[in-house]
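Student: Questions regarding the structure given below will be posed in turn.
We did not get these values from a lab; they are worked out from the coordinates using the rules stated. Computed from a prediction, not measured in an experiment: that's the story for all the values here. For neighbour counting, all protein chains shown are included, and Cβ atoms are generated from backbone atoms with ideal geometry for every residue, glycine included.
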Amino acid sequence: MRIEARNITCRAGRRLILDGVDLAFGTGEMVGLIGPNGAGKSTLLRILAGLRPPEGGTVTHDGNRLTGRDLARKLAFLAQGGEVNWALRVEHLVALGRLPHRRFGPPGTDDLRAVENALAAAEVTELRDRIVSTLSGGERMRVLLARALAVEAAILLADEPVTALDPYHQLRVMELLRAQADGGKGIVVVLHDLTLAHRFCDRLVLLDRGRIVADASPREVLSDARTEAAYGVRLLRGRTGTEEYVLPWERVAARNKQDPQEGNS
């Protein structure tokens with residue numbers, strides 16, 4: 001499956017959140033969507049998921065504009081924040097990921113298998129009988145990831161899935177997403193952690209003030225010039241074994257907070 005977004009424009013009042021964004025991705029790759037706060041990352045992800053219409057531009061899925069159940073079977077979305085407004089058991093919440101595949105009656109063999117696999121992959125099997133509202137923020141996020149995995153969709157869009165997690169589970173979730181991409185799924189993940197983005201993603205897409213300013217390999221995107229311009233920080237670079245790593249190390253300048261498009265609409 002391949003998703004293509006062309007000339008996407010989106011506003012919030014007079015503010016231009018996304019300004020002519022073009023982005024294409026497909027199965028078998030893990031794409032990190034990065035950028036400073038307010039760059040438009042979450043808005044773009046929701047538009048790609050069909051959860052928010054753009055003011056301008058188009059999003060196609062294998063050349064078509066899918067909606068409803070057809071889209072829900074092929075694309076899973078994990079929202080940031082991990083809010084759940086129902087007093088559900090974990091197992092039942094994860095099973096909601098199978099709704100796009102079900103019509104009527106009890107869950108079938110494929111549904112039960114998908115739920116078990118998702119619980120195990122997200123390491124929440126032991127939580128299956130807990131009420132979601134009793135979980136910690138990190139536990140809840142892992143359960144919601146399991147629900148997204150239960151869809152068994154070709155594409156998974158994840159908005160800041162590691163923000164509430166401890167270091168062990170941050171690495172575990174990133175390893176899991178990496179394994180999904182290696183297994184043929186398409187992963188797009190919004191990240192603030194540049195170290196994880198550099199290590200795990202095939203491609204990074206850097207958004208700044210509603211525009212894509214770089215779309216390439218992690219090494220190319222996280223150059224000194226780009227990270228200083230977009231984030232106002234300098235990275236520390238190193239190597240462990242055969243792998244390179246980066247760490248945000250020091251501020252080099254105060255970012256200009258004013259959106260150059262604000263007030264020009």
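Student: Give the shape of region 205-248 as rounded, prolate or oblate, defined through the alpha-carbon gyration tensor: a ≥ b ≥ c are the square roots of its eigenvalues, a/c under 1.5 means rounded, and otherwise the shape is prolate if a/b is larger than b/c and oblate if not. Let's see the in-between values first.
Tutor: Working: a/c = 3.44, a/b = 1.72, b/c = 2.00.
Note, shape of region 205-248 comes out oblate.
Student: So what's the angle, to the nearest 10 degrees on a 0 to 90 scale, between helix 137-150 and the longest Cα principal axis of the chain?
Tutor: 70
Student: Out of (1) 26, 23, 17; (2) 31, 23, 17; (3) 36, 21, 20, which label holds the value of semi-axes √(5λ) of the Cα gyration tensor in Å that was computed here?
Tutor: Calculated semi-axes √(5λ) of the Cα gyration tensor in Å: the matching label is (2).
Student: For the chain, what is the mean residue ellipticity at 222 nm derived from helices alone (per DSSP H run of n ≥ 4: -39500 (n - 2.57); sum divided by total residues; nearest 500 deg cm²/dmol)? Before the final figure, lay out each step's value.
Tutor: Details: 9 runs with 83 residues, N = 265.
When only DSSP H runs of four or more count, the value is -9000 deg cm²/dmol.
Student: Spelling out what I want: for every residue of region 83-100, take phi, set θ = phi - 60°, compute 6.51 cos²θ - 1.76 cosθ + 1.60 (Karplus), and round to whole Hz; glycine and proline get x.
Tutor: Coupling constants for region 83-100: 7, 9, 9, 10, 8, 9, 6, 4, 4, 5, 5, 4, 5, 4, x, 8, 4, x Hz.
Student: In terms of modelled amide H atoms, which long-range or inter-chain residues lie less than 5 Å from the amide H of PHE25?
Tutor: When sequence neighbours closer than 5 places are left aside, the close amide H contacts are ILE3.
Student: List the residues whose amide H sits under 5 Å from the amide H of ALA158, counting only those 5 or more places along or on another chain, with H placed 1.01 Å from N in the peptide plane.
Tutor: Under 5 Å from the amide H of ALA158 lie the amide H atoms of LEU78, VAL188, VAL189, VAL190, each far enough along the sequence or on another chain.
Student: Right, something else. Taking θ = phi - 60°, what integer Hz values does the Karplus form 6.51 cos²θ - 1.76 cosθ + 1.60 yield along region 152-167, in sequence order, with x for Gly and Pro?
Tutor: Coupling constants for region 152-167: 6, 7, 6, 10, 10, 9, 10, 9, 6, x, 10, 4, 8, 9, 6, x Hz.
Student: Here is a further query. Highest mean first, how do 32-45, 90-103 rank when packing is the count of other Cβ atoms within 10 Å averaged over residues? Spell out each step's value before the answer.
Tutor: Values: 32-45: 22.2, 90-103: 18.4.
Those peptides, ordered most packed to least, come out 32-45, 90-103.
Student: Tell me which residues come under 5 Å, amide H to amide H, from GLY35 once H is placed; ignore anything under 5 positions away on its chain.
Tutor: Those qualifying (amide H under 5 Å, at least 5 residues apart or on another chain) are LEU207.
Student: Going by average Cβ density within 10 Å per residue, which order do the peptides 55-66, 15-26, 199-210 take, highest to lowest? The partial results should precede the final answer.
Tutor: Working: 55-66: 13.6, 15-26: 18.9, 199-210: 21.9.
Answer by packing, highest mean first, reads 199-210, 15-26, 55-66.
Student: Could you give me the ³J(HN,Hα) list for region 184-200, computed from phi with Karplus coefficients 6.51, -1.76, 1.60 and θ = phi - 60°, whole Hz, x at Gly and Pro?
Tutor: So the J values, rounded to whole Hz, are x, 7, x, 10, 10, 10, 7, 9, 9, 7, 5, 5, 5, 4, 5, 6, 9.
Student: Same structure again: What is the order of GLU4, GLU139, fewest Cβ neighbours within 10 Å to most?
Tutor: Working: GLU4 16, GLU139 21.
By the 10 Å Cβ count, ascending, the order reads GLU4, GLU139.
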